[in-house]
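Heads up, the thing below is written out as structure tokens.
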Amino acid sequence: MDPRDRPGPSRTPRPVRQLQRVFEDPGRPMSPAAVQQARETLAARMRRSRDEPYDPNRYLPDELKPLRDRRLPPQIRQVAPESYDAYMKFLGTEKRVDTFLARKKLEMGRKNLVVPRTLRVFVSHQFFPGDEDGKLPMWELRVEGRLLGLDGQVEDDEQRRQKFSTYLKSLVLELDREMYGPDNCLVEWHRFPNCNETDGFQIKRPGDRPLRCNILILPLNPQAKLQLKPMLQRLLGIHCDTRDNIRVALWAYIKTHKLQDAQDHIWINNDRWLQQIFGCERMRFCDIPHLLQPHLKAPEPARINYRIENKGPGTVTSCYDINIDVGNVLAENLNHFNQAYTNQADMLLVNFKIDTMLKEIIEKLKTFNFYTEFAQDPRRFVNKWVRTQSAELRAFSDLPGGSEADRMAETYQQPAFEEAVGRYLYMKINEKRGEVKWDDRRRAMEKSYVLVIVSRSRSSIDKFYSVASPVTYMLSSSDREGF
């Protein structure tokens, strides 16, 4: 926004000031009707540019732009009442469906997008003895998991149940480094786009001696939670949460202990605990995100210390529970539906066809009204059409005036035009007076000359210039050197 357009008690709007300058210009007088019309045009243009929202389709051709209002003109009902009523009913149904989807989307957005659940991990191992044919003894380790229901029981529905790797971001197995060496002691699995999900992980290695195995499980983090450092954890009572919730908890601590400066609310006076954490006595409110960053880190993976040992034939199984966050299934389904609803190619094609047909109907209606009005009163219609075309021609050719009042003699007999004519004549007289003065001065300069006695002595020329009259013809230094 231009600073000159800001409203004020003693400030005239900018379009009015521009029109005042145009009207006061004696070189181009305007009639009051033309001034009023130009004032309304400029004010409407500025109001439209300020109030209208950004239209992404403004640079598209007219035949490709979607219609903002898809309602049919009421005159269509006189020609085809049944089709008109059916189409308006269709628009009402479409509006109700869009309103319902928007309301449901808003309701789902207010709910939690994640639900805390429990993931039960089953770790089992089994030993296979060797034989006389040279087969080495081996052991097998399996890591599987199931998501517990809200009642704490394992879900048995195979159709609704998702696979174990769906809830994981990465899984790492650390074997005994001394037994298997630094190159074969790690077994890693990390999620990548479009990976195949699995119900479990299996690993086989040769050996019959007992060993320790560390299993690191990092669940998916749909809300991008961060883990706080120990001192900040004890202060806020939060172990792991989202960045926004951590800021809200810190602000609640500041308000509870009244640490905000009473004079300048931007500043926060830290108490001794915040001074130990942030290392400053005062901090600005806008600096809190920057100061919090070193005290946040990615959540640590769940660690399972498992021991693999031979306890006889058969499989040895242990289970562990891990708390994870699972996305809300309803919210995900609604999000997928919204994406399919807004980006469906068939729906976009149908909307384009509807817009094309509406444009054709509107153009046909304009043609029908044109010929109907011409048939009813040809003389009145032709006069009105000529006046309209004349006004448009003046507008496009940028000619002064252009209103119907300019054709009347009473318009030019108003006091404003007398003043405008006086200003115009005064300006022309001043211009002519200036031209005459300049011509007189030029003739006087041409007639006034001084005979310069040329001397070969340079000093005599300098002395002559030092005592010469202002009307003396002045020579430049290069001319004097030439003499």
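Scalar couplings 3J(HN,Hα) for segment 219-224, obtained by applying the Karplus form with A = 6.51, B = -1.76, C = 1.60 to θ = phi - 60°, are x, 5, 10, x, 9, 6 Hz; x denotes Gly and Pro. The alpha-carbon of K104 sits under 17 angstrom from the alpha-carbons of these lysines, leaving out residues fewer than 8 places away in its chain: K95.
In loop segments of segment 133-218 as defined by DSSP, the GluC sites (Glu not before Pro) with at most 15 further C-beta atoms inside 10 Å of their C-beta are E155, E158, E197.
So what's the net charge close to E174: Lys and Arg +1, Asp and Glu -1, counting the other residues with Cβ under 11 Å from its Cβ?
+1
Rounded to the nearest whole Hz, the Karplus-based 3J(HN,Hα) values (6.51 cos²θ - 1.76 cosθ + 1.60, θ = phi - 60°) of segment 310-324 follow the sequence 7, 10, x, x, x, 9, 9, 10, 10, 10, 9, 10, 10, 7, 9, with x at glycine and proline. Note on K437: lysines with a C-alpha under 23 Å away, same-chain residues under 8 apart excluded, are K428, K447. Straight Cα distances below 21 angstrom link K204 to the lysines K135, K311, with same-chain residues fewer than 8 positions distant left out. Segment 225-281 gives an Rg/Rh value of 0.98, both radii derived from C-alpha positions and Rh following Kirkwood.
For V326, the residues whose modelled amide H falls within less than 5 Å of its own, excluding neighbours fewer than 5 places apart on the same chain, are V115, R117. Across all directions of projection, what mean area in square nanometres is found for the Cα convex hull of segment 184-262? Average projection, Cα convex hull of segment 184-262: 9.6 nm². Near the amide H of T242, within less than 5 Å, lie the amide hydrogens of L226, all on another chain or at least 5 residues away, with H placed in the peptide plane. With a simple spin-label model that places each label point 7 Å from the Cα along the Cα-to-Cβ direction, the separation between K297 and Y180 comes to 2.6 nm.
Each value in this text was obtained by applying a stated rule to the coordinates, not by laboratory testing. As the structure is a prediction and not an experimental result, all values here were calculated from the model. Cβ coordinates were reconstructed from backbone atoms using ideal geometry, including for glycine residues, and neighbour counts include every protein chain displayed.
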